[in-house]
Amino acid sequence: MRPIVILILLLFAAAGVVLGALNADLVSYDLGFARMQLPKGAALLGALVLGWLLGGMTAWLGVSSRHRRQRRREARQRDDKAPNRA
């Protein structure tokens, strides 16, 4: 399984290098607070990585908050079923 993962990783790295080489001309970006000139390939890869990170973080926060609510609900149910020893 590990050689397949390494092969896929190398294929995507090679695709990124080709993408960056084929899109080497500069593009100007005006963000309102800053102006930048980046190669098209770098801007595209940066947007891809940013989207991947934000999507992953959103998915992780959604799953972790759901698990937190579920654990709280289960703890309340355990406390309700536990006999009072006061």
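The values are calculated or read from the model by the stated rules, or taken from the named source; none is laboratory data. Everything quoted here is computed from the prediction, not taken from an experiment. Cβ coordinates were reconstructed from backbone atoms using ideal geometry, including for glycine residues, and neighbour counts include every protein chain displayed.
Descriptive notes on the structure:
- Test: residue in the stretch 68-80 that is touching a strand residue (DSSP E or B) at 6+ places or on another chain (Cβ under 7 Å) and in a helix (DSSP H, G or I): no
- Residues of the stretch 27-39 include none that is in a helix (DSSP H, G or I), modelled with pLDDT of 85 or more and surrounded by 10 or more Cβ atoms within 10 Å (Cβ to Cβ).
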